[in-house]
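**Q** Structure incoming, see below.
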Amino acid sequence: MTRPHDMGGRYGDGPVVPEPEEERFHADWHRRALAVTLASGAHGKWNIDVSRHARERLAPMDYARFSYYEKWMAALADLLAETGLVSRAELAGELPEPQEMAGSTLRAEKVAAVLAAGGPATRPSDIRPAFQPGDAVTTRRIAANLLVEGGHTRLPRYAAGARGHILRYHGTHILPDSSAHSLGDAAEPLYAVVFPAAELWAHPEHPGDEVVLDLWQSYLVPA
Amino acid sequence: MAAVRTNLRPMPHDDPDHPHSLLPPDPALRVKALETILTRKGLIDPAALDEIIDTYENRIGPRNGAHVVARAWTDPAFRAALLEDATPVVAEMGYFGRQGEHMVAVENTDAVHNMVVCTLCSCYPWPLLGIPPGWYKSDAYRARAVREPRAVLADFGVTLPEETAVRVWDSTAEVRYLVIPRRPEGSEALSEAALMDLVTRDSMIGTGLARQP
């Protein structure tokens, strides 16, 4: 049920190393990786949840050893092959014949508009909010996708089975557990839920500390 | 991008045979190979890649967020509207788009210091802060920020007063958080432009404080 990306609270990592604000990319290929990934998404063959899941289902050893943009590249190659945009033979080195630009290819003059439009995650939903700010809730005991075994979810393991309360209502948002597997948007109420640090950690740093997570209604039960 | 139904079948189990392993292992060569394949197939426009890079290298960065913070420090009505519903307020200033579709601003006080992380990936408010710094994407930050925020702050040279609690925001959905740092004492007479210079990127993530004037 666990995946290597779900690392909140893990022990054993070293220091966090600050860096200057002016530093945008650490290598030229990082620039290319960002741009190729965003441009490839414009074909509409996957959504943000599918692409996140593609990174998370990399082999655990690859996930651990790949840098951020290496994960992006590996997941992109997997998605390109799985959606048929690129063949396995082409990934292996067979050079494709030059083709005209496809209709769905992101043109330079459209980049600004596409980035500015973004992809709002709010959708209408028939599911009514079951909770109000201030209500006590408990997260599901097991952080797992209920629709697809081993599938994508956004309930981190460290926050499973924890008691907190509703801080803020965000409206009805696409459910990643469904969307990541192309099972539809399945939008439902999303809340910011606040947990005392002592509810999550055996040795919290401070009695007043809290952690807030954005959680979908189906991740929660009344406490 | 909009959520689009795809032709992918649900994949309940892992594919042990990851197609990416067919590419050369060196990351720079991997990117080059993908770029070459996609360009030849007409699936990417090389000029669009340059445009994307220029956007995030030169046009969209943390000065956008600093602009928002400086205004919040000086305009009480703006501050109130920002804390109530940030998305339309920052959109009016021209800051909106990919990875900033749903914005929430949280304000530091004597009692509470806010800090933002994404433990599951590296979600970050791009239109206000640009693309995330290397440390924000690091395993160390993702793993430690939720459990030991003060120890992480120490890595940035920041110590909080004993009476201040830390509230860590784990960005698990498409909502993106901007921290409004405390306005430094002695900054009362400064212009909006001068105040912006006090607002560091890290102070808007919550791993730093605003600079002293």
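**Q** Under 8 Å for C-alpha pairs, at least 6 residues apart: give me the relative contact order for chain A, rounded to a whole percent.
**A** Working: 295 pairs, mean separation 41.4, N = 223.
Once normalised by length, the contact order is 19 percent.
**Q** Can I ask one more? For chain A, what is the mean residue ellipticity at 222 nm derived from helices alone (per DSSP H run of n ≥ 4: -39500 (n - 2.57); sum divided by total residues; nearest 500 deg cm²/dmol)? Before the final figure, lay out the partial values.
**A** Details: 8 runs with 63 residues, N = 223.
One gets -7500 deg cm²/dmol as the mean residue ellipticity at 222 nm.
**Q** For chain B, what are the DSSP H helices with axial Cα length of 15 Å or more and mean Kyte-Doolittle hydropathy of at least -0.5? Let's see the in-between values first.
**A** Values: long enough: B:27-40 (20 Å, 0.31); B:62-74 (18 Å, -0.42).
In chain B, the long hydrophobic H runs are B:27-40, B:62-74.
**Q** Rounded to whole Å and sorted largest first, list the principal axis extents of the Cα atoms in the protein assembly as shown.
**A** That gives 65, 48, 43 Å along the principal axes, largest extent first.
**Q** In which sequence would B:Met93, B:Met196, B:Met204 go, from the one with the fewest C-beta neighbours within 10 Å to the one with the most?
**A** Values: B:Met93 15, B:Met196 18, B:Met204 27.
Neighbour counts put them in this order, fewest first: B:Met93, B:Met196, B:Met204.
**Q** Which order do B:Val168, B:Val158, B:Val31 fall in if you start with the one that has the fewest other Cβ atoms within 10 Å? Numbers along the way, then the final one.
**A** Details: B:Val168 25, B:Val158 17, B:Val31 28.
Fewest-to-most ranking of B:Val168, B:Val158, B:Val31: B:Val158, B:Val168, B:Val31.
**Q** Using only Cα atoms, locate the centre of the range A:24-79 and the centre of the range B:137-157, then give the distance between them in Å, rounded to an integer.
**A** When both Cα centres are located, 24 Å separates them.
**Q** Based on other C-beta atoms within 10 Å, arrange B:Met103, A:Met101 from fewest to most. Write down the numbers at each step before the final one.
**A** Details: B:Met103 23, A:Met101 15.
Lowest to highest Cβ neighbour count: A:Met101, B:Met103.
**Q** Looking at chain A, do any whole DSSP H helices span at least 15 angstrom along their long axis by alpha carbon and average -1.0 or above on Kyte-Doolittle, and which? Intermediate results must be reported in sequence, preceding the final value.
**A** Numbers: long enough: A:28-41 (20 Å, -0.09); A:68-82 (21 Å, 0.17).
Span-like helices, by this rule, are A:28-41, A:68-82.
**Q** Hand me the GluC sites (Glu not before Pro) from the range B:126-213 located in a DSSP loop with no more than 12 other Cβ atoms within 10 Å, in residue order please.
**A** Those satisfying the criteria are B:Glu162, B:Glu163, B:Glu185, B:Glu188.
**Q** Between A:His26 and A:Ser104, 0.36 nm times their residue separation minus their Cα-Cα distance comes to what? All intermediate terms of the calculation are to be shown ahead of the outcome.
**A** Details: separation 78, 0.36 × 78 = 28.08 nm, distance 3.05 nm.
So the extension gain works out to 25.0 nm.
**Q** Can you give me the distance in nm between label points at A:Ala202 and B:Phe78, each placed 7 Å from the Cα along the Cα-to-Cβ direction?
**A** Output for this residue pair reads 4.9 nm.
**Q** Obtain the radius of gyration and the Kirkwood radius of the range A:136-222 from its C-alpha atoms and give Rg over Rh. Before the final figure, lay out each step's value.
**A** Working: Rg = 13.4 Å, Rh = 13.4 Å.
Using Cα coordinates only, the ratio equals 1.00.
**Q** At what distance in angstrom do the alpha carbon centres of the range A:108-175 and the range B:51-73 lie from each other?
**A** The range A:108-175 and the range B:51-73 have Cα centres spaced 27 Å from each other.
**Q** If a/c stays under 1.5 just call it rounded; otherwise compare a/b with b/c (prolate if a/b is bigger, oblate if not). Do that for the range A:28-117, with a ≥ b ≥ c from the square roots of the Cα gyration tensor eigenvalues. List each step's numbers first, then the result.
**A** On the way: a/c = 1.72, a/b = 1.24, b/c = 1.39.
In terms of gyration-tensor shape, oblate.
**Q** Along the positive direction of the dipole of the protein assembly as shown (beta-carbon charges: Lys, Arg +1; Asp, Glu -1; about the Cα centre), which of A:Leu190, B:Ala81, B:Leu22 reaches farthest?
**A** Towards the positive end, the residue furthest out is B:Leu22.
**Q** May I have the convex hull volume per residue, in Å³, for the Cα set of chain B? Please report the intermediate quantities before stating the final value.
**A** Details: hull volume 37.1 nm³, N = 213.
Roughly 174 Å³ of hull volume per residue.
**Q** How high is the relative contact order of the range A:136-222? Use alpha-carbon pairs under 8 Å, at least six apart in sequence, and give a whole percent.
**A** Details: 172 pairs, mean separation 26.2, N = 87.
Computed value for the range A:136-222: 30 percent relative contact order.
**Q** Could you work out the relative contact order of chain B, using alpha carbon pairs under 8 angstrom and six or more residues apart, expressed as a whole percent?
**A** Numbers: 295 pairs, mean separation 48.5, N = 213.
Worked out over chain B, it gives 23 percent.
**Q** Across chain A, where is the longest run that never hits GluC sites (Glu not before Pro) in a DSSP loop with at most 11 other C-beta atoms within 10 Å? Let's see the in-between values first.
**A** Numbers: sites that count: A:Glu22, A:Glu23, A:Glu94, A:Glu100, A:Glu149.
The longest such stretch corresponds to A:150-223.
Every number here is computed from the coordinates shown, using simple stated rules; none is lab data. This structure is a prediction, so every number in the text was calculated from the model and none was measured. A quick note on method: Cβ atoms are made from the backbone with ideal geometry, for glycine too, and the neighbour counts reach across all protein chains shown.
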